[in-house]
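Only one structure is covered here, and it is reproduced in the block below.
The values are calculated or read from the model by the stated rules, or taken from the named source; none is laboratory data. It should be emphasised that the depicted structure is a prediction, and the values quoted were computed from it without experimental measurement. Reconstructed Cβ throughout: ideal geometry from the backbone, glycine too, with neighbour counts over all protein chains shown. Just the protein is used for accessible areas: all its heavy atoms, side chains included, with ligands, DNA and RNA removed. Shrake-Rupley method; radii C 1.70, N 1.55, O 1.52, S 1.80 Å.
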Amino acid sequence: MKKSKFIQLVLVAATISSCNSVNSGRERKIYMRSDTTAKYTQTRSYLNHGGFYAFRPFGVITPNGYRRTGYYSSGIHESSSFGTSSSRSSVSRAGFGRSAFHVSS
Amino acid sequence: MKRHIIKPRNNWQNRVENIGFNFHSSDVPYWDESVYYEFSMAEIETIESATAELWEMCINAVQHVIDNKLYNQFCIPQWAVPHIEDTWNNDAPSIYGRFDFSFNNGVPKLLEFNADTPTSLFESSVVQWYWLQDFDSNKDQFNSIHEKLVEYWKYLKEYLYDYTLHFTTIKDTVEDLTTTEYLRDCAIQAGLDTKFIFIDEIGWDNDASEFVDVENNSIRNIFKLYPYEWLFNEDFGKNILVDKNKTFWIEPSWKMILSNKAILPILWELYKGHPNLLECYFESEKYLLGFNYVKKPILSREGANIQIVRRGDIIQETSGEYGDEGFIYQEISILPEFDKNYPLIGSWVIGQQPAGIGIRESSDLITGNLSRFVPHLIS
């Protein structure tokens, strides 16, 4: 048998199509957090200024050097940048993903 | 193998976008249904059997590399070797790979094997199949990729840890996101619990010695569309070795051996004269090819940094940033020409089996990132 009889997609069309969603032009309320153990709060609206929210890393200096512990943005409330997870301080991120902008081969 | 020029569907952009294919065009067209290729069943069976045989040969070649500790020829760092051998000896889960063939006079010749992060999967499996339903649903296509992906995820379920299967790739590229999300789609249909995370969001918990997702849950199984030569060279790379969970990374790290073009001279050494192989050597033996060869970096992507040399003169070359790790030298196998178009056949292995083909057509002898994906059918 060489031929697919039936192909059903449960995820791809919706997920990828949303990448091309068109901005309606109306300002929307956006709720964000940069720490999954923090609460969501409404963001300051940057949509009229290009729509960018800049997230900057923060971290701690340890005997083994600097360790990143999270991200903050001036566009979201402080209470949404710093959470309550007890394991939070031992987790660092962004240690993968710097090598290139396109994987295809 | 015949090339036919046809009229694209009137609403083809909508047709492909409705199934989630949004990178069909960039500055130049990528999906091109103004042509298609027709194969006879005998030609398809030739490609299918060559794919199955080459897969077996590749497995034997990996064993040869491991047995003889040939890692230096692959520029694989010594500290990564224990992980590679561990995933090989424990038969760590693997899902897919794509052989690239030239196809002249009815004989597939192996140009390279994309064994770690092959793309164009969604186009091969879904987009060209939907095209065939519109173009001529009575015709057949060498394409059981979708069913085999779903079935193989089902098969792998019992070999994975009883945890969520994460999927990851880089941000800001719809093509890579589509490939990753398509594979996740198939895993969901196979009954697996899945979650997506971008690669730079992956966390390392230093106290617990484990990788975590954005909710700080352990990552125990993860499919990554991100090559090992990058993964191992980044800040978290060596953490893979000290990960207390021994997380399953899919593809497994032994695929570093097959995705490296250094496997091509190894295959030639082991199977000299095989009809589906091209003569191929490392630098020290390149004189055996005389003054006619294709020079390829052992690590490169999308046709970068390749030279075609005839009678000592470079007749075509591509630019890029690869080559620091060394080169291999391969006999020239010119792609077949159809009115200045050069098709390359990508033949998929899903699980352990041949599963279908996708064709990328280029206006040059070297298939690069400007090539077009063209559908096919069986006459």
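Key figures
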| item | result |
| --- | --- |
| A versus B: buried accessible surface, summed, Å² (probe 1.4 Å, to nearest 100) | 4500 Å² |
| About the Cα centre, charge dipole magnitude for chain B (Lys/Arg +1, Asp/Glu -1 at Cβ), debye | 780 debye |
| Lys, Arg +1 and Asp, Glu -1 on Cβ, resulting dipole of segment B:279-330 about Cα centre, debye, nearest 20 | 220 debye |
| Selection from B:190, B:13, B:265 lying farthest towards where the dipole of the protein assembly as shown points positive, charges on Cβ | B:13 |
| Listed residues B:300, B:320, B:281: farthest to the positive end of the dipole of segment B:279-330 (Cβ charges) | B:281 |
| Most to least accessible of B:256, A:32 (protein chains only, probe 1.4 Å) | A:32, B:256 |
| Given charges at beta-carbon only (K, R positive; D, E negative), |dipole| of the protein assembly as shown in Debye | 1140 debye |
| Accessible heavy-atom area order of B:285, B:48, highest first, probe of 1.4 Å | B:285, B:48 |
| In Å², nearest 10: area of residue B:146 left accessible to a 1.4 Å probe | 10 Å² |
| Members of B:69/B:255; B:238/B:261; B:109/B:296; B:261/B:296; B:2/B:148 lying beyond 18 Å, as alpha-carbon distances in this model show | B:238/B:261; B:2/B:148 |
| Structure-based [θ]222 nm, the protein assembly as shown - -39500 (n - 2.57) summed over DSSP H runs of at least 4, per residue, nearest 500 | -6500 deg cm²/dmol |
| Average other protein chain Cβ within 10 Å of Cβ, residues B:172-183 | 4 |
| Per residue accessible area in Å² of chain B, where ligands, DNA and RNA are left out and the probe is 1.4 Å | 39 Å² |
| Projected-area mean, chain B, by convex hull of Cα positions, square nanometres | 18.6 nm² |
| Most fluctuating residue given options B:312, B:303, B:356, as computed from a GNM of chain B linking Cα atoms under 10 Å | B:312 |
| Cα centroid separation, segment B:105-168 to segment B:38-89 (Å) | 19 Å |
| Segment B:50-113 - Debye-derived log10 I(q)/I(0), Cα point model, q = 0.16, 0.18, 0.23 Å⁻¹ | -0.67, -0.81, -1.09 |
| D_trans [Stokes-Einstein, Kirkwood Rh over alpha-carbon pairs] for the protein assembly as shown, 10 °C, 1.306 mPa s, µm² s⁻¹ | 66 µm²/s |
| Aspartates and glutamates whose Cα lies under 15 Å from that of residue B:171, excluding same-chain neighbours fewer than 8 positions away | B:181, B:200, B:201 |
| Chain B: DSSP helices with Cα axial extent of at least 15 Å and average Kyte-Doolittle hydropathy no lower than -0.5 | B:41-67, B:174-189 |
| Surface share of carbon and sulfur [accessible, 1.4 angstrom probe, percent] for segment B:279-330 | 43 percent |
| Within 10 Å of each Cβ in B:295-306, the average number of Cβ atoms from other chains | 1 |
